[in-house]
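Structure first, commentary second.
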Amino acid sequence: MRQTKTPAFDARTFLNSAGVARKVAEFRRSAAIFTQGDPSKHVMYIRVGGVKLSVINEVGKEAVVAMLGPGDFFGEGCLTGQKVRMGTATAITPTTLLVIERAEMIRVLHGQHEFSDRFIQYVLSRNIRIEADLIDQLFNSTEKRLARALLRLASYGKEGRPQRVLAKVSQETLAEMIGTSRSRVNLFMNKFKKLGFIHSNGGLHINSSLLSVVLHD
């Protein structure tokens, strides 16, 4: 007897349903969603756009922790008793979020086991991704780190089809993501364009051939 594959749980559809108390918030490009030291009271889910998570040390130097896109959660530290934000969240493109209060998120996690499983899986997967980013930062060349960052922004490796056209992301932001200078990013972006890996026309187009840079030893 042929079995029917069970479809994956759709967190976005669930969060958009009437049973989850949340509000929609919109942010323009470069707007601060929250800043380091703000009260930590909400979990957020990205419906549209992109978010940069960063931390600033005591002398004002910023380090990018993660770049997130549609389908990503952030701000979940409030669920573990975190009273203030440990970093800053900034919209890197026009961004639409679902904002869920801490108590409501806890209620949903306790009452909806399928969603709870999906959320735990997401948090674990994101931690693995951030760990991989750290390894990438320590051991890989600037060229390979940039290629990997562009592919990640285009959602290569996630479920569904890649987002082959990216909204505008500045070279300064890309430099922060991979720990290098803007001039180095500009050098390799021009190289990728000459090789046909990317091109600009109403947005940044990412070709699957860019994978060859990441896979090349």
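The values are calculated or read from the model by the stated rules, or taken from the named source; none is laboratory data. Since this is a predicted model, take the numbers as computed values, not measurements. Ideal geometry is used to build each Cβ from the backbone, glycine not excepted, and the neighbour counts take in all protein chains shown. SASA here: full protein model, heavy atoms, side chains in, ligands and nucleic acids out. Shrake-Rupley method; radii C 1.70, N 1.55, O 1.52, S 1.80 Å.
A few comments on the model shown:
- Single condition LEU53 does not satisfy, out of (1) open to solvent by 50 Å² or more (accessible area, probe 1.4 Å); (2) in a strand (DSSP E or B): (1)
- Taking the stretch 173-210 as the range and being at pLDDT 85 or above and of a type in the set (D, E, K, R) as the test, the residues that pass are ARG182, ARG184, LYS191, LYS193, LYS194.
- Whichever residue in the stretch 173-206 is touching a strand residue (DSSP E or B) at 6+ places or on another chain (Cβ under 7 Å) and open to solvent by 50 Å² or more (accessible area, probe 1.4 Å) and, among such residues, is farthest from VAL51 (Cα to Cα): LYS193
- Test: residue in the stretch 86-102 that is open to solvent by less than 50 Å² (accessible area, probe 1.4 Å) and of a type in the set (Asp, Glu): no
- Taken together, the criteria place ASP38 among residues that are modelled with pLDDT of 95 or more and either under 25 Å from ALA132 (Cβ atoms) or open to solvent by 10 Å² or more (accessible area, probe 1.4 Å) (or both).
- Selected residue (only one of ARG118, ARG47, ARG107 is open to solvent by 50 Å² or more (accessible area, probe 1.4 Å), of a type outside the set (Val, Ile, Thr) and touching a helix residue (DSSP H, G or I) at 6+ places or on another chain (Cβ under 6 Å)): ARG118
- Looking across the stretch 124-172 at every residue that is among the β-branched types (Val, Ile, Thr) and open to solvent by 80 Å² or more (accessible area, probe 1.4 Å), the one that is modelled with the lowest pLDDT is identified as ILE135.
- Screening VAL64, VAL59 for residues that are open to solvent by 50 Å² or more (accessible area, probe 1.4 Å) and of a type in the set (Val, Ile, Thr) leaves exactly one candidate, VAL59.
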